[in-house]
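Visitor: The structure is given below, and queries will be raised subsequently.
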Protein chains: 2
Amino acid sequence: MDVVLGIDIGGTSSKLGLVQADGSIIAKRSVDTRKCRNEESFFSCLFAEIERFLEQHHSNYHCIGIGLGAPSCDEQAGVLEKAANFPFADRVPILQFFQDHFGLPVYLTKDGNAATLGEARYGAGQYLENFVLITLGTGIGGGLFLNGQLVKGHNGWAGEFGHITVEPGGRACGCGRRGCLETYASATGLRRTVLQRLTHGDQKSILRRLAASELEAKDVYLAAKMGDALSLEVFDDVGRRLGLALANLAAIFDPQAIFLAGGLAAAEDILLTPVRKYFETFVLPQLQGRISIETSALRLNEAAIAGAASLVWHHKNLITTHDECK
Amino acid sequence: MDVVLGIDIGGTSSKLGLVQADGSIIAKRSVDTRKCRNEESFFSCLFAEIERFLEQHHSNYHCIGIGLGAPSCDEQAGVLEKAANFPFADRVPILQFFQDHFGLPVYLTKDGNAATLGEARYGAGQYLENFVLITLGTGIGGGLFLNGQLVKGHNGWAGEFGHITVEPGGRACGCGRRGCLETYASATGLRRTVLQRLTHGDQKSILRRLAASELEAKDVYLAAKMGDALSLEVFDDVGRRLGLALANLAAIFDPQAIFLAGGLAAAEDILLTPVRKYFETFVLPQLQGRISIETSALRLNEAAIAGAASLVWHHKNLITTHDECK
């Protein structure tokens, strides 16, 4: 059976999936790339894992192409450009790397657009004309689906929600500036807030049992679930930052729904409850109670994997009931 | 000759224009509504002025309909809803008022959308697929033109840039919340900053020669032109607020251009120079130097008047080379 390899390239790990034409994901794997110190080791590690993954499923499936979702990419040029959370040079010709190595058709889009396409084609966005999707991972990205279409912007950079400046002169960001939303409200931003509070305060917390170097956003989530006050306060802080940013996006777009995707969205109500509370506080009175904020209808990372894979399916006109707008 | 009456309804004054099918404005008038204390006096004053205006041009032109651009309006319901800068009830059925009084076809859209349509159909936006327009008047509004289409949002509230919260807990806004962009960066916001500095500081300024109640944004512009330091500093402050907000919009949309319209945009370089400086400081490195910020190609208020009038021309299919997308 023909399948497409969908890949969500991330700063901490990349996610692979074998995807059918209807968007269903048959097999998945995560590739840890945290230890890679440069682009050579990054891609040799990633390619070796992909080959192993494809080999494993070779007897049942035939891979007809690769769809890539990646942060900070210039889709038309096929390069990663000044990618903030990677050990890379300023411009990395990722499309060429994949084409040369695999000899398959490869399509590239920004990770946020991939997830947005996944949500629009296979998730809760199927029934909506106007929505915004925000990916909360190592960084923050996202995409815009407006008037029933993906909006990529003039140079393909639309949806860079992580680089909205929320605190001029604030925390240093991987993009070279300061005070970007992702320095506070991504999984990494949440971790920074926790470490700051553990170091500079003396509030009790079960997180003190962990070594700082090992502490991850997931630990903060688990501690919050157990009622750890510091962890709950940090989620409230992230919720306030996100709630305010989403309220501003609502005044800008007036969407029907806002979807949260990516690793941090797995925190579900621990994150959604404060986000919704602050959203309703900050949103334009005319829009109060009118916009739903939900986690992605697709499972963790599946929106981006399925959306990236859909580039191949749709480009090859293998889907006959293809809606040009989506 | 057939013409359409285009009206830009504003909190301080409303602007009328007789508009031809090609967007050219034959005659204009401004109606001051500052002294109107409720909706009855507002509309009786406005209607009387409109009748006088139409009467004046009656012998040469035949008015076939009215196009309205108004802030805070629910286009589908035909009402002004919680309009922040008007002496109005929560919901004012403006469409009905106009239809009943004039017995002509009347079409309504948000003022920001009217100006955006004007720019897209008759101004510098004619050649662009992706741009944002910001109106800087008593309040701040605007519109989105993305993928070659006007984006109105789900409930028609897209483009409410004035109600982006830039300072949580900051200045009180007419919308009932605090810290909205328009409390700092509209003509009214600029005036508030000037009065605050004149009252709480002792810096020399030629503006001290004016009574506070008479001081207008235009006076601050004229003083800045003459080199008044306080006035220049206040324009720098407005430029910083706007530059940051526009840089955030750039990260969200990646537009080709951002147009400034409305009264404050008449300050041209006095405003544009600091706006561009702070925009380039705050914008995503990948977008530096790539997005032009200009004042509207159409004369003051003409974008909104012509855009509002175009609703009638396009709705009546009187334009045969009508592009459905625009």
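A short reminder: the numbers here are calculations on the coordinates, not readings from a lab. Here the structure is a predicted model, which is why all the values come from computation and not from measurement. When we count neighbours, we look across all protein chains shown, and the Cβ atoms used for this are built from the backbone with ideal geometry, even at glycine.
Visitor: According to the Cα gyration tensor, what semi-axes, each the square root of 5 times an eigenvalue, does the equivalent ellipsoid of chain A have, listed from largest to smallest in whole Å?
Guide: Computed over chain A, the values are 31, 24, 18 Å.
Visitor: While we're looking at this one, here's another question. Just grab the label-to-label distance for residue A:288 and residue A:214, each label 7 Å out from Cα along the Cβ direction, in nm (one decimal).
Guide: Label at residue A:288, label at residue A:214, 4.7 nm between them.
Visitor: Would you mind estimating how fast the protein assembly as shown diffuses translationally, via Stokes-Einstein at 4 °C and 1.567 mPa s with the Kirkwood radius over Cα pairs, in µm²/s? Can you show the working numbers first?
Guide: Working: Rh = 26.2 Å.
Translational diffusion coefficient: 50 µm²/s.
Visitor: Continuing with this model, one more query. For residue A:172, place a label point 7 Å out from Cα along the Cα→Cβ vector, do the same in each other copy, and report the separations in nm, one decimal, smallest first.
Guide: 4.3
Visitor: Name the lysines eligible as straight-distance cross-link partners of residue A:225: C-alpha to C-alpha under 19 Å, and not fewer than 8 places from it in the same chain.
Guide: Output for residue A:225: A:204, A:277.
Visitor: Determine, from the Cβ-Cβ distance of residue A:12 and residue B:299 and an R0 of 60 Å, the FRET efficiency 1/(1 + (r/R0)^6), rounded to the nearest 0.05. Show your work: numbers first, answer last.
Guide: Working: r = 53 Å, r/R0 = 0.88.
Given R0 = 60 Å and the Cβ-Cβ separation, E is 0.70.
Visitor: Kindly give the distances from residue A:77 to its copy-mates, label point to label point, with each label point 7 Å from Cα along Cα→Cβ, as nm values to one decimal ordered shortest first.
Guide: When each copy's label point is compared with this one, the spacings are 4.8 nm.
Visitor: Would you mind checking which residues have amide H under 5 Å from residue B:110's amide H? H placed 1.01 Å from N; only 5 or more apart, or other chain.
Guide: B:70
Visitor: Can you work out the FRET efficiency for the pair residue A:77 and residue B:269, with r the C-beta to C-beta distance and R0 = 35 Å, to the nearest 0.05?
Guide: On the way: r = 35 Å, r/R0 = 0.99.
E(calc), rounded to 0.05, equals 0.50.
Visitor: Given segment B:190-280, what whole percent of its Cα pairs are spread farther than 23 Å?
Guide: On the way: 1083 of 4095 pairs.
When every Cα pair of segment B:190-280 is considered, 26 percent fall beyond 23 Å.
Visitor: In addition: Taking 0.36 nm per intervening residue step and subtracting the Cα-Cα distance, what contour gain separates residue A:315 from residue A:99 on full extension?
Guide: Answer, rounded to one decimal: 76.2 nm.
Visitor: Residues of segment A:52-79 with the amide nitrogen closer than 16 Å to a label point 7 Å from the Cα of residue A:32, along Cα-to-Cβ, please.
Guide: Within reach of a label on residue A:32: no residues.
Visitor: For segment A:124-295, what mean projected area does the convex hull of the alpha carbons give, in nm²? It would help to have the intermediate numbers written out before the result.
Guide: Working: hull surface 42.0 nm².
Taking a quarter of the hull surface, the average projection is 10.5 nm².
Visitor: I need the calculated FRET efficiency for the pair residue A:167 and residue B:22, taking r as the beta carbon distance and R₀ as 45 Å, to the nearest 0.05.
Guide: Calculated value: 0.40.
Visitor: Sticking with this one: State whether segment A:1-150 is rounded, prolate or oblate according to the following rule on the C-alpha gyration tensor (a ≥ b ≥ c being the square roots of its eigenvalues): a/c under 1.5 gives rounded; otherwise a/b larger than b/c gives prolate, and the remaining case gives oblate. List each step's numbers first, then the result.
Guide: Details: a/c = 1.77, a/b = 1.13, b/c = 1.56.
Verdict is oblate for segment A:1-150.
Visitor: Semi-axes of segment B:207-254's equivalent ellipsoid from the Cα gyration tensor, sqrt of 5 times each eigenvalue, largest first, rounded to whole Å? Kindly include the intermediate steps, with their values, before the conclusion.
Guide: Numbers: eigenvalues 166, 24, 11 Å².
Square roots of five times the eigenvalues give 29, 11, 7 Å.
Visitor: Normalised by the residues of segment B:127-295, what does the relative contact order come to in percent, with Cα pairs under 8 Å and at least six apart? Before the final figure, lay out each step's value.
Guide: Details: 286 pairs, mean separation 38.8, N = 169.
Relative contact order, segment B:127-295: 23 percent.
Visitor: How would segment B:64-181 be classified by its alpha-carbon gyration tensor: rounded, prolate or oblate, with rounded meaning a/c under 1.5 and the a/b versus b/c comparison settling the rest? Can you show the working numbers first?
Guide: Values: a/c = 2.24, a/b = 1.07, b/c = 2.09.
Verdict is oblate for segment B:64-181.
Visitor: Counting only the backbone N, which residues of segment B:225-240 are under 15 Å from the spot 7 Å out from the Cα of residue B:202 toward its beta-carbon?
Guide: none
Visitor: Shifting gears a bit: Averaged over every viewing direction, what's the projected area of the C-alpha convex hull for segment B:249-302? Give it in nm², one decimal, please.
Guide: Details: hull surface 15.0 nm².
In nm², the orientation-averaged hull projection of segment B:249-302 is 3.8.
Visitor: A further question on this structure: Please list, by residue number, every one of the chymotrypsin sites (Phe, Trp or Tyr not before Pro) in segment B:5-92 that is coil in DSSP and has at most 14 other beta-carbon atoms within 10 Å.
Guide: Working: sites: B:42, B:43, B:47, B:53, B:61, B:88; in loops: B:61, B:88.
Within segment B:5-92, no chymotrypsin sites (Phe, Trp or Tyr not before Pro) qualify (loop, at most 14 other Cβ atoms within 10 Å).
Visitor: What are the nm distances, shortest first, from residue B:289 to its equivalents in the other copies, labels at 7 Å along Cα→Cβ?
Guide: Here residue B:289 shows inter-copy label distances of 5.2 nm.
Visitor: How many percent of the alpha carbon pairs in segment A:132-177 exceed a separation of 15 Å? Before the final figure, lay out each step's value.
Guide: Numbers: 529 of 1035 pairs.
Summing the P(r) tail past 15 Å for segment A:132-177 gives 51 percent.
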